[in-house]
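The values are calculated or read from the model by the stated rules, or taken from the named source; none is laboratory data. For clarity, every value in this text was computed on a predicted model and none was experimentally measured. Glycine gets a Cβ as well: all are built from the backbone with ideal geometry, and neighbour counts include every protein chain shown. These area figures cover heavy atoms from the full protein model, side chains too; ligands, DNA and RNA do not enter into them. Shrake-Rupley method; radii C 1.70, N 1.55, O 1.52, S 1.80 Å.
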Amino acid sequence: MPYTPDKPPLPETPEQLAARIPGWGADKNPADRPSYPRERTDLETGAHWTEPEQQAELAPRERSIEHARLTPVFGTAQPLHGLSGAIRRHAYAAYSEGRAAHWLLLIAADRVDAVEQHLASFATPHPDNPVTETGVLAEGERRGLRSRAEGHRVDRGHQAMDPVLVAGPWVLAAAGVALMVHALRRRLR
């Protein structure tokens, strides 16, 4: 029974599990459990319900295929939108949360959303500025380069890739725009 204080019944008894799985139940004895005696189920919570009231779903929400329904309360502040939303919907509809494809699609959707937001910023009076917003200028102004060489930094192994990862997409986008403008000029001639 999900989302209630009651535990669901076990498909097998503890004795059946112990007979089938070597080492199962090693923490059955409360004296061997690190959470004991802090783990208590007899405390009064003050809640007037055994299960929270289900929040109304005003717009379709993504949901895991492992669950029969949404959690009783869920966020609605950032509804899915655009291509990134379609990728997220597909990840939830097609793959279990235990599959790598589910999580890889969600990571890809985050990257697509970042690109969508960068492109949308060009339609505003203050578009993104990759030079100032990525902290590139701070490298020279606030001991950034020197701090990379001193001490025992754990990110020293990938420091050479940082400029490629930060500036690379912007350089590729600028090159794409330049190629499109060049192709358009050739067509107009």
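Pick from Leu137, Leu104, Leu80: which residue has the top mean-square fluctuation in a GNM of the chain where Cα pairs under 10 Å get a spring?
It is Leu137.
Under unit Cβ charges (Lys, Arg +1; Asp, Glu -1), what dipole magnitude, rounded to 20 debye, does segment 100-148 have relative to its Cα centre? Kindly include the intermediate steps, with their values, before the conclusion.
Numbers: 5 positive and 7 negative charges, 76 e Å.
In debye, rounded to 20, segment 100-148 gives about 360.
Over segment 53-189, what is the relative contact order in whole percent, taking alpha-carbon pairs under 8 Å and six or more residues apart? Write out the running numbers ahead of the final one.
Working: 68 pairs, mean separation 19.7, N = 137.
Here the relative contact order equals 14 percent.
What number comes out for accessible area per residue over the chain if the probe is 1.4 Å? Units Å², please. Before the final figure, lay out each step's value.
Numbers: 15460 Å² over 189 residues.
Result: 82 Å² per residue.
Loop only per DSSP, at most 15 neighbouring Cβ atoms within 10 Å: give me the chymotrypsin sites (Phe, Trp or Tyr not before Pro) in segment 1-100, ordered by residue number.
Details: sites: Tyr3, Trp24, Trp49, Phe74, Tyr92, Tyr95; in loops: Tyr3, Trp24, Trp49, Phe74, Tyr95.
Answer by residue number: Tyr3, Trp24, Trp49, Phe74.
Counting just the Cα atoms, what span does the chain cover along each of its three principal axes? Round to the nearest Å and put the largest first.
Over the chain, Cα extents along the principal axes are 81, 50, 39 Å.
Given all pairs of different Cα atoms, what value in angstroms does the Kirkwood hydrodynamic radius of segment 41-146 take?
Numbers: mean 1/r = 0.0560 Å⁻¹.
For segment 41-146, the Kirkwood estimate is 17.9 Å.
So if I place +1 on the C-beta of Lys and Arg and -1 on the C-beta of Asp and Glu, and nothing else carries charge, what would the dipole magnitude of the chain be about its Cα centre? I want it in debye, nearest 20. Write out the running numbers ahead of the final one.
Working: 23 positive and 24 negative charges, 249 e Å.
Roughly 1200 debye for the chain.
GluC sites (Glu not before Pro), restricted to segment 1-96: which are DSSP loop and have at most 16 other Cβ atoms within 10 Å? Mind dumping the intermediate values first?
Working: sites: Glu12, Glu15, Glu39, Glu44, Glu53, Glu57, Glu62, Glu66; in loops: Glu12, Glu39, Glu44, Glu53, Glu57, Glu62, Glu66.
For GluC sites (Glu not before Pro) across segment 1-96 that sit outside H, G, I, E and B with at most 16 neighbouring Cβ atoms in 10 Å, the list reads Glu12, Glu39, Glu44, Glu53, Glu57, Glu62, Glu66.
Rank these residues by their accessible area, most exposed first, probe 1.4 Å: Asp155, Asp6. Please list the in-between numbers first.
Details: Asp155 35, Asp6 100 Å².
Ranked from most to least accessible, the order is Asp6, Asp155.
Enumerate by residue number the GluC sites (Glu not before Pro) in segment 108-189 meeting two conditions: DSSP loop (anything except H, G, I, E, B), and at most 11 other Cβ atoms within 10 Å of the site's Cβ. Intermediate values should be presented prior to the final figure.
Working: sites: Glu116, Glu133, Glu139, Glu141, Glu150; in loops: Glu150.
The qualifying sites are Glu150.
Could you tell me what percent of the accessible area of segment 13-127 is made up of carbon and sulfur, with a 1.4 Å probe and every protein chain present? Numbers along the way, then the final one.
Working: 5300 of 8890 Å².
Using a 1.4 Å probe with all protein chains present, segment 13-127 comes out at 60 percent carbon and sulfur.
Kindly give the semi-axes, whole Å and largest first, of the ellipsoid equivalent to segment 121-189, taking each as the square root of 5 times a Cα gyration tensor eigenvalue. Please list the in-between numbers first.
Values: eigenvalues 240, 47, 16 Å².
One finds semi-axes of 35, 15, 9 Å for segment 121-189.
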